[in-house]
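S.K.: Starting off with a structure, shown below.
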Amino acid sequence: MEFFNTLSGKKEIFKSIRPKKVSLYTCGPTVYDYAHIGNFRAYVFEDLLKRTLIFWGYKVKHVMNITDVDDKTIKKAQSAGKSLREVTDKYIEAFFEDIDTLNISRADHYPRATEHIKEMADMVKVLVQKGYGYKKNGSYYFDISKFKEYGKLAKINRNELRPGERIESDEYDKKNAHDFALWKEKKPDEPFWESEIGPGRPGWHIECSVMSTKYLGQPFDIHCGGVDNIFPHHENEIAQSECFANKKFVNYWLHCHHLIVNGSKMSKSKGNYYTLRDLIKKGIDPMVIRYLLLSTHYRKMLNFSFETLAQSDSALERIRDFLRELKERSFEQGKNPLVQKFIDQTGAEFAESLGDDLNISMALKSVFNFVRKINKLLSKNQVYTEDSKLIVSALKKWDEVLGILPKDEDKELEASIKEKIDQRNKARKEKNYALADKIRDELYKQGIILEDTQDGVRWKKR
RNA sequence: GGCGCGGUACCCAAGAGGCUUAAGGGAGGGGUUUGCAAAACCUCGAUUCGUCGGUUCGAAUCCGACCCGCGCCUCCA
């Protein structure tokens with residue numbers, strides 16, 4: 001398979017360090033608030049990547065960090081008059097609820113920054129000993145002039161960096177404006193940890209360097225995040241880790257593009273964001289959100305709007321209706337050789353498309369083409385019992401990657417609705433269509449859609 | 001100022017030199033089916049890929065210029 005590696009700026013054939021095993025690290029949430037759907041775009045992309053690797057036969061070890069100490073979490077705790085831990089625990093819980101809602105599969109480890117303070121301090125200590133870091137007052141900084149390859153990920157020439165407009169008060173003493181904090185000295189009213197290098201708290205980048213390699217080794221295979229992490233976050237991780245261990249940090253860097261709303265990036269600071277919870281409250285099906293986030297290639301900007309959301313709903317409905325038809329329709333005994341042929345064709349295209357840098361459009365195209373071909377057979381009554389089982393299991397197999405189809409669940413209706421359906425059947429038999437249509441309208445208003453088929457009436461939820 | 005991404009039908013979105021006089025999905029028109037619907041099927045739908053030049057036997061795909069939108073360079077997925 002091939003992936004676009006930010007490091008080389010081109011698609012590369014993927015080769016894992018150990019055969020058929022992949023070590024994957026993805027940048028996780030900073031738990032100071034609910035995540036918005038722009039954040040979830042990244043997590044859904046990473047989920048697709050992971051499921052694709054598994055589909056291709058890899059065993060994936062996935063680690064996602066949780067940033068539970070930084071400026072924002074501290075600020076939030078202070079303003080809420082709570083402890084850091086109280087605040088971060090709350091949003092960690094919310095985060096897990098949200099990824100479950102979106103059917104994002106769980107990582108193997110979710111290390112928390114605050115539980116790896118000692119390792120971070122140790123790493124800082126070594127970096128200073130080796131001459132890559134220096135101390136100013138109680139803080140430590142990484143000296144980017146000491147790492148000749150600095151800028152190789154972001155393609156930035158360190159001499160051409162433009163100093164940021166916002167310089168924190170505690171960073172006035174840096175040698176170079178772009179040297180970054182490894183360790184921030186203890187400040188009044190801020191949480192701190194005692195350590196061999198003095199009291200304080202870790203800088204932002206050091207946690208990922210420490211936790212990724214602790215669980216995955218160095219180098220490891222794939223590191224993901226949003227494009228906005230390329231610089232400075234990932235660039236700095238590379239600098240720290242490669243200077244620390246004198247070896248390559250990560251083989252493949254995959255970054256997903258932003259989710260755009262009304263032409264600009266969705267972000268907390270701009271205030272133009274929706275949390276997952278906002279959308280669920282509006283009655284939007286989480287699987288439709290997942291479909292929308294999934295259906296645009298990860299390296300392209302995704303334009304979020306309620307119109308594209310509605311389009312995703314319809315597209316997904318086409319697949320769901322198809323699955324329902326196969327599960328609920330009655331078939332005659334037998335087998336149509338065309339069905340297996342279509343399944344094989346589609347399966348091959350599907351896997352190949354995803355293996356080509358996660359070309360989701362092509363993958364979905366093969367699924368939709370498959371749906372149309374089978375629907376055509378269905379309309380001619382050329383699908384049989386054996387076929388329907390094969391089709392359903394093929395769809396489920398592909399859905400192990402996509403994760404968008406509903407789980408098998410007992411379809412139970414309230415007695416009152418069942419009764420209405422019976423009444424309507426009776427009315428139809430008596431050709432009392434006025435009454436039958438009236439009942440159908442009533443049920444529609446209650447969220448139940450009725451469809452009359454060869455096998456009798458069938459219902460679905462709106 | 002530096003670096004980077006993108007502009008394909010009404011909307012979303014593939015394609016990256018000939019297989020394509022451009023996939024797939026949504027919306028829309030017409031038809032089949034249906035008591036009527038719904039779903040499904042058939043069918044219509046860009047002679048054209050931001051603009052203008054160039055390279056080539058051949059370009060949406062390569063090169064150049066320009067226009068427009070966006071991102072990063074500062075916390076951000």
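The values are calculated or read from the model by the stated rules, or taken from the named source; none is laboratory data. Keep in mind it's a predicted model, so treat the numbers as computed, not measured. We place every Cβ from the backbone using ideal geometry, glycine too, and count neighbours over all the protein chains shown. These accessible areas exclude ligands, DNA and RNA; they are computed on the full protein's heavy atoms, side chains included. Shrake-Rupley method; radii C 1.70, N 1.55, O 1.52, S 1.80 Å.
S.K.: I'd like the GluC sites (Glu not before Pro) in region A:355-462 restricted to DSSP loop residues with at most 12 other Cβ atoms within 10 Å, sorted by number.
M.R.: Those satisfying the criteria are A:Glu409, A:Glu412, A:Glu414, A:Glu430.
S.K.: From the Cα trace of region A:330-402, what convex hull volume per residue do you get, rounded to a whole Å³? Walk me through the intermediate numbers first.
M.R.: Numbers: hull volume 5.0 nm³, N = 73.
Hull volume over Cα atoms, normalised by residue count, gives 69 Å³.
S.K.: How large is the dipole of region A:339-462 about the Cα centre if only Lys and Arg carry +1 and Asp and Glu carry -1, each at its Cβ, rounded to the nearest 20 debye?
M.R.: My answer is approximately 700 debye.
S.K.: Which whole-Hz couplings ³J(HN,Hα) result when phi for each residue of region A:188-198 is put into the Karplus expression 6.51 cos²θ - 1.76 cosθ + 1.60, θ = phi - 60°, listed in order with x for Gly and Pro?
M.R.: Karplus values, whole Hz, x for Gly and Pro: x, 6, 10, x, 8, 10, 6, 7, 4, 9, x.
S.K.: Something else: Once Lys and Arg get +1 and Asp and Glu get -1 on their Cβ, which of A:Gly456, A:Phe4, A:Asn236 lies farthest toward the positive end of the dipole of chain A?
M.R.: Selected residue: A:Gly456.
S.K.: Suppose every Lys and Arg Cβ carries +1 and every Asp and Glu Cβ carries -1, with no other charges. What dipole size does chain A come out with about its Cα centre, to the nearest 20 debye? Could you put the intermediate results ahead of the total?
M.R.: On the way: 80 positive and 70 negative charges, 180 e Å.
About 860 debye.
S.K.: Roughly speaking, what is the centre-to-centre gap between region A:17-61 and region A:298-334 when only Cα atoms are used, to the nearest Å?
M.R.: Centre-to-centre (Cα) distance: 24 Å.
S.K.: Give me the percent of accessible area attributable to carbon and sulfur for chain A, probe 1.4 angstrom.
M.R.: On the way: 11050 of 22300 Å².
Accessible surface attributable to carbon and sulfur in chain A totals 50 percent.
S.K.: Taking only protein heavy atoms into account and a 1.4 Å probe, give the accessible area per residue of region A:276-347 in Å².
M.R.: Ligands and nucleic acids excluded, the figure is 50 Å² per residue.
S.K.: Next question, about the same structure. Name the residues whose placed amide hydrogens come within less than 5 Å of the amide hydrogen of A:Trp183, ignoring near sequence neighbours (fewer than 5 apart) on the same chain.
M.R.: Those lying under 5 Å, H to H, from A:Trp183 are A:Tyr140, A:Gly203.
S.K.: What is the magnitude of the charge dipole of region A:17-265 about its Cα centre, with +1 placed on the Cβ of each Lys and Arg, -1 on the Cβ of each Asp and Glu, and no other charges, expressed in debye to the nearest 20?
M.R.: 840 debye
S.K.: Continuing with the same structure: Over the Cα atoms of chain A, compute the convex hull volume and normalise it per residue, giving Å³.
M.R.: 165 Å³
S.K.: Using the heavy atoms of the protein chains alone and a 1.4 angstrom probe, what is the accessible area of region A:17-265 per residue in square angstrom? Intermediate values should be presented prior to the final figure.
M.R.: Numbers: 10620 Å² over 249 residues.
That works out to 43 Å² for each residue.
S.K.: So, one more: Roughly how many Å² of A:Lys118 are accessible to a 1.4 Å probe, to the nearest 10?
M.R.: 130 Å²
S.K.: May I ask what percent, to the nearest 5, of DSSP beta bridges between residues of chain A are antiparallel?
M.R.: Close to 50 percent.
S.K.: Counting other Cβ atoms within 10 Å of each Cβ, which chymotrypsin sites (Phe, Trp or Tyr not before Pro) in region A:168-271 have at most 16 and sit in a DSSP loop?
M.R.: Those satisfying the criteria are A:Tyr172.
S.K.: Next question. Filter chain A for me: DSSP H helices, axial length by Cα at least 30 angstrom, mean Kyte-Doolittle hydropathy not below -1.0. List them by residue number. Provide the component values of the computation, followed by the final result.
M.R.: On the way: long enough: A:306-328 (31 Å, -0.67).
What comes out of the filter, once short or polar helices are dropped, is A:306-328.
S.K.: Just want to confirm a number: the relative contact order over chain A, from Cα pairs under 8 angstrom separated by 6+ residues, in percent.
M.R.: In percent, rounded to a whole number, it is 17.
S.K.: In square nanometres and to one decimal, what's the mean projected area of the convex hull around the Cα atoms of region A:415-461?
M.R.: Numbers: hull surface 12.1 nm².
That works out to 3.0 nm², a quarter of the Cα hull's surface.
S.K.: Could you state the number of Å between the C-alpha centres of region A:119-136 and region A:223-286?
M.R.: A separation of 27 Å, based on Cα centres.
S.K.: If you project the alpha carbons of region A:17-265 onto their three principal axes, what span does each projection cover, largest first, in Å?
M.R.: 50, 44, 40
S.K.: Of A:Gly198, A:Gln423, A:Val210, which is farthest along the charge dipole of chain A in the positive direction, counting Lys and Arg as +1 and Asp and Glu as -1 at C-beta?
M.R.: About the Cα centre, the residue reaching furthest to the positive side is A:Gln423.
S.K.: Given the C-alpha centroids of region A:392-436 and region A:68-91, what is the distance between them in whole angstrom?
M.R.: 46 Å
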